[in-house]
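Reading through the structure tokens given below for one structure.
Coordinate-derived values only; no laboratory data. Note that the structure is a prediction, hence the values are computed from the model and not measured. Positions of Cβ are backbone-derived with ideal geometry, glycine not excepted, and every protein chain shown enters the neighbour counts.
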Amino acid sequence: MKRQQIVAGNWKMNNDLAEGKALAEAVAAQAPVAGVTLVLGTPYIHLSAVADILDGAAGIHLSAQNCHQEESGAYTGEISASMLKSVGAEYVILGHSERREYFGEDEALLAAKVDKALEHGLIPIFCCGEKLDIREAGTHVELVQKQLAGSVFHLSAEDFGKIVIAYEPVWAIGTGRTASPEQAQEMHAAIRKMIADKYGAEVAEATSILYGGSCKPSNAEELFSQPDVDGGLIGGASLKAEDFLAIAGSF
Ligand code: PGA
């Protein structure tokens with residue numbers, strides 16, 4: 001079975017509404033990209049407007065960058081999974097290293113967020129990846145195993161089959177320092193083996209595992225040519241439609 005190839009943009013906290021709409025329009029004008037699922041991960045307040053721009057077009061989907069783990073209630077300033085669904089989001093990025101680092105999101109909290117997202121029919125793009133000290137100590141595979149065990153390996157095989165994994169070495173995010181294709185492949189293959197050990201070969205073979213961290217038009221082709229790299233989660237380069245589309249054209 002051929003795995004779904006996905007290129008997802010993570011706009012982070014960038015672009016005001018007019019800029020976000022212009023970017024979405026520029027990407028949508030070129031969509032679909034044959035054989036590639038495009039995802040735009042916009043700030044919360046852009047979601048509704050971008051949903052109108054995409055208007056259910058084939059091959060391009062909307063994502064949030066976070067959601068709250070509770071259903072609803074007195075959580076001032078927070079956004080629920082059902083709210084995201086109601087404005088047209090189909091995906092949600094969870095476990096991004098910036099959420100872990102700056103907002104103290106831990107494995108148990110992320111497990112609750114993954115559950116809530118799935119309950120509402122959102123597809124989690126679950127991020128994992130090690131910091132530089134762990135990479136240098138050589139324990140990066142163990143660390144990622146722990147992140148997956150703590151936040152997604154409690155899922156049933158059926159639910160696990162709905163999620164997307166993004167491997168994002170923290171030392172490569174926004175630094176211009178990309179993992180080499182060999183480093184990416186080593187980890188992606190290790191992740192696929194962890195999934196196979198837990199859920200069996202069929203689920204593992206069907207899971208899309210994206211690479212993230214300074215992925216750009218000049219290195220996407222090399223990264224995507226690795227057998228276990230099924231696409232990318234793109235930060236900085238997703239802010240320019242031309243670069244994002246060039247990455248999507250790199251399979
Ligand atoms: P980057 O970010 O492409 O700017 O390194 C990737 C990410 O954080 O998802």
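Couple of notes before you dig in:
- Mean Cβ neighbour count within 10 Å, used as a protection proxy, ranking 218-227, 235-244 highest first: 235-244, 218-227
- Distance (nanometres) between label positions extended 7 Å along Cα→Cβ at Glu142 and Gln4: 3.4 nm
- Potential lengthening of the chain between Ala189 and Ala112 amounts to 25.1 nm, from the contour at 0.36 nm per residue minus the alpha-carbon distance.
- R0 of 35 Å, Cβ-Cβ distance Glu221-Leu132: FRET efficiency to nearest 0.05: 0.85
- Isotropic mean projected area of the C-alpha convex hull, segment 1-123 (nm²): 8.3 nm²
- Note on Ser72/Ala49: beta-carbon distance plugged into 1/(1 + (r/R0)^6) with R0 of 25 Å gives a FRET efficiency of 0.60.
- Placing +1 on each Lys and Arg Cβ and -1 on each Asp and Glu Cβ, with no other charges, gives the chain a dipole about its Cα centre of roughly 160 debye.
- Extension gain, Ala26 back to Glu119 (0.36 nm per residue minus Cα-Cα distance, nm): 30.3 nm
- Using C-alpha pairs below 8 Å separated by at least 6 residues, the relative contact order for the chain is 21 percent.
- GNM top mover of Glu130, Glu98, Glu90 - the chain, alpha-carbon springs below 10 Å: Glu98
- Computed helical MRE - 222 nm, the chain, DSSP H runs ≥ 4 contributing -39500 (n - 2.57), nearest 500: -12000 deg cm²/dmol
- Summary of packing: across the peptides 117-129, 37-49, 65-77, the per-residue average of other C-beta atoms within 10 Å ranks them, highest first, as 117-129, 37-49, 65-77.
- Whole-Å semi-axes of the ellipsoid equivalent to the chain (Cα gyration tensor, √5λ, descending): 25, 22, 17
- Among beta bridges identified by DSSP and lying wholly in segment 5-248, the antiparallel ones come to about 5 percent.
- Mean separation of Cα contacts under 8 Å, 6 or more apart, over the residue count of segment 181-250: relative contact order %: 32 percent
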